[in-house]
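Have a look at the structure below before the remarks.
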Amino acid sequence: MDKTIAIDYQEYDSVNELSCEDYALMQRAIGATEGAYAPYSGFCVGAALRLKDGAVIVGSNQENVAYPSGLCAERTAIFAASAQYPQCRDYEALAIVGRNAEGCLCEASPCGACRQVLSEYEHVQNHPLRVICYLEGGRVRVFLSVKNLLPFSFDF
Ligand code: THU
């Protein structure tokens with residue numbers, strides 16, 4: 001029997017349409033692109049993760065000459081948050097943005113490995129983690145849960 005999955009998400013024409021908190025989170029993600037170490041791809045990614053208590057932890061992609069040893073911005077942020085604030089492993093929203101070699105902001109959608117990692121933290125906290133992705137031209141896409149980014153995620 002054929003089955004279909006529908007993915008719910010929201011799109012906004014401008015970051016200005018986000019709530020104040022989410023707008024501020026996206027600004028932190030934009031700022032975090034400055035911390036990227038991306039000499040190989042030239043593509044900088046910034047991520048900003050807001051914890052339930054309001055604290056914001058940022059991450060950026062960290063590349064390495066041994067390519068697979070590098071890490072994406074999203075995992076850099078959430079691993080740092082988990083390691084530094086194990087008592088508050090309660091994540092509300094994650095904003096992500098890319099900056100290309102010309103310095104222009106652009107879309108960054110979480111890779112498969114990051115989706116799997118985000119999915120596990122969402123699973124253990126038992127409530128949704130929203131993912132807010134910057135799009136070309138300052139538009140925004142919002143996923144209300146990581147489940148919408150990774151159906152049939154691995155778990156055991
Ligand atoms: N990258 C991220 O940090 N996050 C994403 O969502 C997609 C890709 C990084 C990995 C690599 O350093 C660079 O972007 C180009 O792929």
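None of the figures in this text is laboratory data; all of them are computed from the coordinates on show. Just so you know, these numbers come straight off a predicted model, no measurement behind them. Here the Cβ positions follow ideal geometry from the backbone for every residue, glycine too, while neighbour counts run over all protein chains shown.
Some points to look at:
- Exposure proxy ranking for 57, 30, based on other Cβ atoms within 10 angstrom of each Cβ and starting from the fewest, stands as 30, 57.
- Residues whose placed amide H lies under 5 Å from that of residue 135, excluding near-sequence neighbours: 140, 141
- Over the chain: helical MRE at 222 nm, DSSP H runs n ≥ 4 each giving -39500 (n - 2.57), nearest 500: -8000 deg cm²/dmol
- Relative contact order (%) - criterion: Cα under 8 Å, at least six apart; region: the range 74-156: 29 percent
- The chain: projected area of the alpha-carbon convex hull, averaged over directions, in nm²: 10.6 nm²
- For residue 37, distant residues with modelled amide H under 5 Å away: 61, 62, 63
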